[in-house]
């Protein structure tokens, strides 16, 4: 009997209770949040037409990949990071696991920070405390972070069942809020004014830069897709409804963030991407405390998905750790990370640095594990080999160095492509670097198969 490496168990058929609506609602809720709104406000720097175009292109491309990754979870019943074992090796899967833990804790912290701004504004209205950005405003923000962290601990306490329940309730509130916000925006300005608006040269962003920002945001979900699709027994729920839900959430919430930011810029005759967070915009539009409370709730729904993904990645590294304790650990760590933006000049500075890191590491990783499953292995993984030392997925010392090489070359390509004016201005570096990694890994993997034959 061969030595075992880290037990992984597929979700049994009788436990796959997430239906099409659950998958649809999960991915709408994942994108219908403060971070998506904020992204919409940031890409407003390209102008309405360019921002809308890049939003659609990036969303469709990214979430086709999400549907593919979601299919992997449906097909195998295994969590996302366990599914990187055949491509990166049993020990090599620690690399994408670490990236996932870092990035989803980072997303949870970013959403927490934005929601804490809303709480600081509420505390200003109720207690007269200074809001964030004003002298002494950090007090309300710190209280806001602690309140959000308590809400997150409650939201993930029941694991997958809790996420499903939160998303079902949260999606209704999100829809009502976005409709309300849309009505208010177009009461202030017309569509023609929004289309005609242009940012000042100081804040202008190229379409290629916008695609890279959006790709970094969207691709994060690809590496978590299987963590949820493994709980459904329906192929369409895992693929079609995941794709549709993620795009609906992205287009709707980023679009309202985009239009609300431009509408506010028109009304105040000033645009600053640092003021694109939903709390600031909602306050400027006069939406009141109720809108701020909804922003807090949407942060909780989104972070339920973020924390589930981070916790699942942690269990791939520490095999004896159960999911619920892992969720508590990543939630507490995310609470600490939420204070980091206080040490930057602006939240936008910390946020864009975080996005650069995500786009650089995630794109090549995704390219490698999708090529491995769909092209090299032709959608056939032997789940019995997922834990065998010296088995089919052990490679050399537990690492598939061909995959790691393709991933590293993709990161290098990303750096180089960002400095090519044509790429940087038009399509951005992320998807081109992914295509490069995919090609490199395909050639290396096929070369390995040829040697064996």
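Would you calculate, for the chain, the mean residue ellipticity at 222 nm contributed by helices, counting each DSSP H stretch of 4 or more residues as -39,500 (n - 2.57) and dividing by all residues, to the nearest 500? Can you show the working numbers first?
Working: 19 runs with 318 residues, N = 453.
Helices in the chain give a 222 nm mean residue ellipticity of -23500 deg cm²/dmol.
Please report, to two decimal places, log10 I(q)/I(0) for segment 1-155 at q = 0.19 Å⁻¹ as given by the Debye formula with identical point scatterers on the Cα atoms and no solvent.
-1.29
Rank by packing, highest mean first: peptides 204-210, 43-49, with packing defined as the count of other Cβ atoms within 10 Å averaged across residues.
On the way: 204-210: 19.9, 43-49: 23.0.
Answer by packing, highest mean first, reads 43-49, 204-210.
Counting alpha carbon pairs within less than 8 Å and at least 6 residues apart, what relative contact order, in whole percent, applies to segment 16-347?
Details: 563 pairs, mean separation 143.1, N = 332.
43 percent.
For the chain, what is the Kirkwood estimate of the hydrodynamic radius, computed as the reciprocal of the mean inverse distance between distinct Cα atoms, to one decimal in Å?
Values: mean 1/r = 0.0451 Å⁻¹.
Final number for the Kirkwood radius of the chain is 22.1 Å.
Considering Cα pairs under 8 angstrom that are at least six residues apart, work out the relative contact order of segment 301-444 and quote it in whole percent.
Working: 102 pairs, mean separation 32.2, N = 144.
That works out to 22 percent.
Give the calculated FRET efficiency between residue 352 and residue 143 to the nearest 0.05, with a Förster radius of 41 Å applied to their Cβ-Cβ distance.
Computed FRET efficiency for residue 352 and residue 143: 0.95.
What do you get for Rg/Rh of segment 10-94 when both radii come from the Cα atoms and Rh is the Kirkwood radius? Kindly include the intermediate steps, with their values, before the conclusion.
Details: Rg = 16.9 Å, Rh = 15.6 Å.
Ratio of gyration radius to Kirkwood radius for segment 10-94: 1.09.
Mind ranking 29-35, 77-83, 52-58 by how tightly packed they are, going by the mean number of other C-beta atoms within 10 angstrom, highest first?
Top of the packing list down: 29-35, 77-83, 52-58.
Assuming R0 = 56 Å, can you tell me the calculated FRET efficiency for the pair residue 188 and residue 390, based on Cβ-Cβ distance, to the nearest 0.05? It would help to have the intermediate numbers written out before the result.
Details: r = 66 Å, r/R0 = 1.18.
That gives a FRET efficiency of 0.25.
Ranked highest first by the average count of other Cβ atoms within 10 Å around their residues, in what order do 250-257, 232-239, 306-313 fall?
Packing proxy ranking, top to bottom: 306-313, 250-257, 232-239.
Looking only at Cα atoms, what is the convex hull volume of segment 324-453 per residue, in Å³?
164
Which FRET efficiency, nearest 0.05, do residue 235 and residue 180 yield, Cβ-Cβ r, R0 35 Å? Show your work: numbers first, answer last.
Working: r = 36 Å, r/R0 = 1.03.
It comes out at approximately 0.45.
How big, on average over all directions, is the shadow cast by the Cα convex hull of segment 105-157, in nm²?
So the Cα hull casts an average projection of 3.6 nm².
Values in this text are rule-based calculations from the coordinates and carry no lab data. Every value quoted in this text rests on a predicted model; they were computed, and no experiment measured them. Every residue, glycine as well, gets a Cβ built from its backbone with ideal geometry; the counts of neighbours run over all protein chains shown.
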